[in-house]
Amino acid sequence: MTVQGFFSAKANTASRAYAMPRIAVIGRGFSGMMMAIALMKTVRFPFYLQLFDPNSTVSGGQALASGRSSEILNSRVRDLSVSAGDPDDFNQWLSGNAPFRSAVPAAIPGFLQIFVPKSIFSDYVYQRFSEAFASRRDVTVQVSSQMVFGLRRIRGERFMVESDGAANAPFDMVVLATGYGVTDQDEPASDLASIPTTVRARRLVSRPHTILLGSGLRVVDRLLQMRDNGYMGQITIVSRRGFLPQSHTRNNADPVFPADEMPDQLSGIVRFIRSACQAAEADGQNWQSIMNGFRRHARSLWRSLPASQKQQFNRHLRALYDSHRNRLPEALHVRLMQELAEGNTLLRRGHLIRRTPTGLVLRPAGRQDIEQLYADDVIDCRCQAPNLNAPLLRSLIDAGLAVPDELGLGLAVEATGALEVNGHTTGALFAIGPLGLGSLPDIDLVPEIVTQAYAAAESMAERFHPQCKAV
């Protein structure tokens, strides 16, 4: 589908597009949609934008997908604006949404401190995209439901996007917004007919049992959805480290952080943060404020750490850190704790050895022996690092246009998302959002993605028209 604004016919679009800078955004999850919004609100000259994604509809990625009314985002409204320089934009949008305003008692002021369902945030993002698009009659947008499997440089700084559809004209700039791999959480339950007779007989007299793999927000989402849908069976969460998401505070937790100089070694940084959290609790504040404040220092600290300490953090501390930064709204955390306290849900620490037709084989933490866990269903809710051997990323790495970050979590990028190779950026290639998680801590969170998208858009505007300032 190709359109130019919301006002012109499709005719003549292709012929006009070639006179404009051509930008490709690969992925239409939140990172891709945010990049499109930032481009249309920042780049003040005509351009051609093509959005690639094999999904026939805009999915919203992990941030927006499966927007059931029961799925609550784990960030407050105050942190979810997609408008640069206007942190109150989402709050104002909610205040103007009559059905939402009538259904939810307003906090003071407005809705800034509340948590909303993914479906509401999804509506907001799509409306802001539509409004930005409608205001740009000089921008041509094409949405392509094509699988992109390669990218190669041609004629200097132009790129050919290789997809399974018709051949594409060269692009002046390409943005990777593919997020990070997530296993299929909607994997169907095992077919009862394929289960051995002894196991089928066991199920006739046993309580239904489901295993959820993972320990992050997706696990809690799935757990609570199952309970809301009436599932009364046993649920076992299997996690390698066993750190479940911590709780947000009931009220606002403004970022605070000690003014003292932080150590430059990982072990010292950990002790510093732990001490700051303890001091805050002793003074009647909360550790969440300290963690919110620490996020403002995380990127510069990460850059300063040697590769060996980054690897140490990834092996031993990342799961603990993620459980404290990706927090649950208090009400959902209370439900989770109640599930665990009553024994309806069990948390098992251990290493998954393999899946079986009747459940899985687990090596419990701290033991060398293995254990068979029987279950009617095993649902994988783990977030995976991007597959660097996927054809698209492999084509970039093999061509020297990108390199893996030091931890192999994704691609090496600078703050704007520009791909970084041997200390230099490739200029016209960007990776927005979770693809850069190994280089930029917290770049998988909405506020950081928004900031990065606008920075990338400003960089693109300067590259195409250095005499013009992006506004």
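Under 1.5 on a/c is rounded, so check that first for the stretch 207-271, then, if it is not, pick prolate when a/b is larger than b/c and oblate when it is not; a ≥ b ≥ c are the square roots of the alpha carbon gyration tensor eigenvalues. Please report the intermediate quantities before stating the final value.
On the way: a/c = 5.55, a/b = 2.11, b/c = 2.64.
It comes out oblate by the Cα gyration axes.
Which value in nm describes the separation of the simple spin-label points at SER95 and ALA134, placed 7 Å from the Cα toward the beta carbon?
2.1 nm
Ordered by packing density, taken as the mean number of other Cβ atoms within 10 Å over each peptide's residues, highest first, how do 166-176, 301-311 rank? Write down the numbers at each step before the final one.
Working: 166-176: 19.5, 301-311: 13.9.
Highest mean packing first, the order is 166-176, 301-311.
If R₀ is 25 angstrom, what is the calculated FRET efficiency for the pair ARG463 and TRP302, using the beta carbon separation as r and rounding to 0.05?
0.40
Classify the stretch 343-471 from the C-alpha gyration tensor, please: rounded if a/c falls under 1.5, else prolate or oblate depending on whether a/b exceeds b/c.
Judged from the Cα gyration tensor, the stretch 343-471 comes out prolate (a/c at least 1.5, a/b above b/c).
Once amide H atoms are built 1.01 Å from N in the peptide plane, which residues 5 or more positions from GLY150, or in another chain, come under 5 Å H to H?
Counting only residues 5 or more places away or on other chains, the set is GLU162.
In whole percent, and with a 1.4 Å probe on the protein chains, what portion of the accessible area of the stretch 266-322 is carbon and sulfur?
Summing carbon and sulfur atoms, their accessible area is 50 percent of the total for the stretch 266-322.
Tell me, what is the per residue accessible area of the stretch 266-322 in Å², probe radius 1.4 Å?
That works out to 54 Å² for each residue.
Take each of the peptides 433-439, 82-88, average the number of other beta-carbon atoms within 10 Å over its residues, and list them starting from the highest.
Working: 433-439: 27.4, 82-88: 16.0.
In decreasing order of mean packing, 433-439, 82-88 become 433-439, 82-88.
Just how large is the dipole of the stretch 266-322 about the Cα centre, in debye to the nearest 20, putting +1 at every Lys and Arg Cβ and -1 at every Asp and Glu Cβ?
360 debye
State the percent of C-alpha pairs, over all pairs in the stretch 266-322, separated by a distance greater than 16 angstrom.
Working: 733 of 1596 pairs.
More than 16 Å apart: 46 percent of the Cα pairs in the stretch 266-322.
Considering only C-alpha atoms, what is the centroid distance from the stretch 119-179 to the stretch 380-434, in Å?
Here the two parts' Cα centres lie 18 Å apart.
With the Cα gyration tensor of the stretch 311-383 giving a ≥ b ≥ c as the square roots of its eigenvalues, does the rule (a/c under 1.5 for rounded; else a/b larger than b/c for prolate; else oblate) give rounded, prolate or oblate? Walk me through the intermediate numbers first.
Values: a/c = 2.04, a/b = 1.20, b/c = 1.69.
Taking the square roots of the gyration eigenvalues as a ≥ b ≥ c, the stretch 311-383 is oblate.
The values are calculated or read from the model by the stated rules, or taken from the named source; none is laboratory data. In this text the structure is predicted, and so the values were computed from the model without any measurement. Note that we place each Cβ from the backbone using ideal geometry, even for glycine, and neighbour counts take in every protein chain shown. The accessibility values were calculated without ligands, DNA or RNA, using every heavy atom of the protein model including side chains. Shrake-Rupley method; radii C 1.70, N 1.55, O 1.52, S 1.80 Å.
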